[in-house]
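The values are calculated or read from the model by the stated rules, or taken from the named source; none is laboratory data. No experiment lies behind these values; they were computed from the predicted model shown. Methodologically, a virtual Cβ is constructed for each residue, glycine included, from the backbone with ideal geometry; neighbour enumeration extends over all protein chains shown. Surface areas here come from the heavy atoms of the whole protein model, side chains and all, with no ligands, DNA or RNA. Shrake-Rupley method; radii C 1.70, N 1.55, O 1.52, S 1.80 Å.
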Amino acid sequence: MLTIRRATVDDCHLINEMASEVFPATYRELLSSEQLVYMMEWMYATDNIRKQMQEEGHVYFIAYKGESPCGYLSVQAQEKGIYHLQKIYVLPSFQGIHCGSFLFREAVKYIKSVHPEPCLMELNVNRNNKALQFYERMGMRKLREGDFPIGNGYYMNDYIMGLDI
C-alpha cells in the first residue's frame, strides 16, 4: 500500500539520499556526468533543500510503500493560479508499481486543497526524457519549450507541460 506525508526540514537528508539514487539513474543517459554533479548540488544539497522549503515555498511530500520511502515530489506556487510541480521522482526499485501516478495525483490533490478555484499545474521535463509519455498519459499537454540556463554554462532543455486543475 502506498501512503504519503508532507515532508519537513527534518526530512532534507532523506530527500537528498533518495535524490542521490534516482536523479543520476534518471539522467545519466541525458546529461554529462559533470552536469549531473552540478545539478545534484544545485537542487539536492541538504542546505539547498532546506532553503527551498523555508525560503522559496517548495512543499515536499514523501511517498512510502509500507515503511520504505519510495519517491518524492515538490510543488511550488508561482504566479496567481499557477503551480509548478518542481520535482516528482520514484526510486528505481519501486518503479512499475504505480508510485509515479500516485505521486502525481497527490500533487493535484494538494494543489486543489490550497487553491480550490481552477488553476494550472506546470512542470518542466527534459525533451528527451521517457517520462514525457507518462505526463501525457496523466493528462498534461505541451505548452512551450525552452533552453533554460541554470549556471556554470549548463542548460535545461525542456518542454513546459501543463494540466488544468
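General observations
- Cut-off 10 Å between beta-carbons: net charge of the residues surrounding LEU123, Lys and Arg +1, Asp and Glu -1: -1
- The listed residues ASP158, ASP164, once ranked by accessible area (1.4 Å probe) with the largest placed first, stand as ASP164, ASP158.
- About its Cα centre, the chain has a charge dipole of approximately 560 debye under the convention of +1 per Lys or Arg Cβ and -1 per Asp or Glu Cβ, with nothing else charged.
- 15 Å cut-off, amide nitrogen to a point 7 angstrom out along GLN78 Cα→Cβ, residues in segment 25-42: none
- Å² per residue, accessible surface of segment 29-94 at 1.4 Å: 49 Å²
- Computed FRET value (nearest 0.05) for LEU30 with ILE160, which takes r as the C-beta separation and R₀ as 25 Å: 0.90
- Dipole axis of the chain (+1 Lys, Arg; -1 Asp, Glu on Cβ), positive-most option in CYS70, LEU14, HIS98: HIS98
- Once C-alpha pairs closer than 8 Å and six or more residues apart are averaged by separation and normalised to the residue number of the chain, the relative contact order reads 18 percent.
- In range of the label at LYS112: residues from segment 1-37 whose backbone nitrogen is under 12 Å from the point 7 Å along Cα→Cβ: none
- Within the chain, antiparallel bridges make up roughly 90 percent of the DSSP beta bridges whose residues both belong there.
- Anisotropy class of segment 26-80 from Cα gyration tensor, a/c 1.5 cut: oblate
- Of the accessible area of the chain, computed with a 1.4 Å probe over protein heavy atoms only, carbon and sulfur atoms account for 49 percent.
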